[in-house]
Amino acid sequence: MEGKVKKIPMRQCLGCNEHKPKMELLRVVRSPEGEISLDFRGKKSGRGAYVCRDVKCLRRARKSGRIAKNLDCPISDAVYDAMEQELEAHDE
């Protein structure tokens with residue numbers, strides 16, 4: 001008897017619209033207190049939206065407003081700028 005095949009959860013990037021395994025994507029999370037942050041490990045509690053670990057995808061999702069719509073709250077430019085800087089620093 002063969003072992004069970006583990007199902008890989010897939011999520012859609014809000015920047016490029018590609019479906020990818022959840023672990024390859026970066027989670028943008030809105031905490032219960034309403035704070036927006038990047039979740040590199042996927043463990044923070046709150047509402048999540050996914051983008052590729054690429055600044056281009058984050059910028060594309062920012063321009064289209066899809067992250068704010070998905071998280072159901074407005075996101076200021078300062079928060080987006082901080083997320084871009086954090087993502088760039090994390091990639092290096």
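Exactly one residue out of Lys56, Lys4 is loosely packed, with under 11 Cβ neighbours inside 10 Å and out of contact with any strand residue (DSSP E or B) (no Cβ under 8 Å at 6 or more places or on another chain): that is Lys4. Just checking, how many residues over segment 20-33 are surrounded by 11 or more Cβ atoms within 10 Å (Cβ to Cβ) and either closer than 18 Å to Ser76 by Cα or not hydrophobic (A, V, I, L, M, F, W, C) (or both)? Selection size over segment 20-33: 8.
Return yes when Ala68 is within 12 Å of the chain's Cα centre (by Cα), assigned to a helix (DSSP H, G or I), surrounded by 14 or more Cβ atoms within 10 Å (Cβ to Cβ) and free of Cβ contacts under 8 Å to residues at least 24 places away in the same chain and no when it is not.
yes
With respect to being in contact (Cβ under 8 Å) with a residue 24 or more places away in the chain, surrounded by fewer than 17 Cβ atoms within 10 Å (Cβ to Cβ) and among the basic types (Lys, Arg), Arg11 falls outside the description.
Read the figures in this text as sums done on the coordinates, not as results from a lab. All figures in this text were calculated on a predicted structure; none of them were measured in a lab. Counting neighbours? That spans all protein chains shown, and the Cβs are built from the backbone with ideal geometry, glycine included.
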